[in-house]
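Okay, structure first, notes after.
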Amino acid sequence: MKTLIISDDDSVIQKINSKVQSLGFDTIIYRWLLKALDNLEEISPEYIIVSVKDYPRHWKTLAQFVQMNLARVPAKVILYSPEKLSVDEEKKSSALNIFGTINSIDENGLNELQSLLKVNSSLKTEIKKTGSSGGLLSRIENLYG
């Protein structure tokens, strides 16, 4: 499973990358959102974690592109915003089907990120363990598809 991290802040990249890799995800890091956007279809991540602080306007363009143009299953976009989103930005994130938001990269914020990422990975692990893709896969597709 791949996770794309988009940030221009070294400490954000390091902490998020460390947490995501500890959960068994492969990570790809971009410092330039537009370059990541250009390569998104080739990367084909399951999750995209983007820093709202570094890209206050472009994250919306990224979220729209993910919803409309990625083949098969769109990635789930998670926002990192050290400051709480305004009411207007919350409405936009809801309209763009943002999967989740974390507000810090301290222990609490990284635990929230872990909870968001484990929702899907625990269901996929269950499929692999049971060897079944019938009923469970249909339920997953209904939840996240």
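The values are calculated or read from the model by the stated rules, or taken from the named source; none is laboratory data. Here the structure is a predicted model, which is why all the values come from computation and not from measurement. With ideal geometry, Cβ positions are generated from the backbone for all residues, glycine too; neighbour counts draw on all protein chains shown. Heavy atoms of the whole protein, side chains included, go into the accessibility calculation; ligands, DNA and RNA do not. Shrake-Rupley method; radii C 1.70, N 1.55, O 1.52, S 1.80 Å.
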ask   = Is the stretch 9-16 home to any residue that is under 14 Å from the mean Cα position of the chain (by Cα) and open to solvent by less than 80 Å² (accessible area, probe 1.4 Å)?
value = yes
task = Quickly run through the stretch 70-114 and pick out the residues that are open to solvent by 80 Å² or more (accessible area, probe 1.4 Å) and either closer than 14 Å to ILE49 by Cβ or at pLDDT below 90 (or both).
result = ARG72, VAL73, GLU112
ask   = Considering LYS60, LYS53, which residue is charged (D, E, K, R), in contact (Cβ under 8 Å) with a residue 24 or more places away in the chain, open to solvent by 80 Å² or more (accessible area, probe 1.4 Å) and under 19 Å from LEU37 (Cα atoms)?
value = LYS53
ask   = When both residues are 6+ apart or on different chains and their Cβ atoms are under 8 Å apart, which pairs have a first residue that lies in the stretch 82-110 and is in contact (Cβ under 8 Å) with a residue 60 or more places away in the chain and part of a helix (DSSP H, G or I), and a second that is open to solvent by 80 Å² or more (accessible area, probe 1.4 Å) and among the basic types (Lys, Arg)?
value = LEU110/LYS15
inquiry  = Go through the stretch 20-44 and report how many residues are over 13 Å from the mean Cα position of the chain (by Cα), on the phi < 0 side of the Ramachandran plot and open to solvent by 30 Å² or more (accessible area, probe 1.4 Å).
reply    = 13
request  = Would you check if ILE48 is open to solvent by 50 Å² or more (accessible area, probe 1.4 Å), modelled with pLDDT of 95 or more and assigned to a strand (DSSP E or B)?
outcome  = no
key: Single residue of LYS84, LYS60 found to be basic (Lys, Arg), out of contact with any Pro (no Cβ under 6 Å at 6 or more places or on another chain) and under 18 Å from GLU112 (Cα atoms)   = LYS84
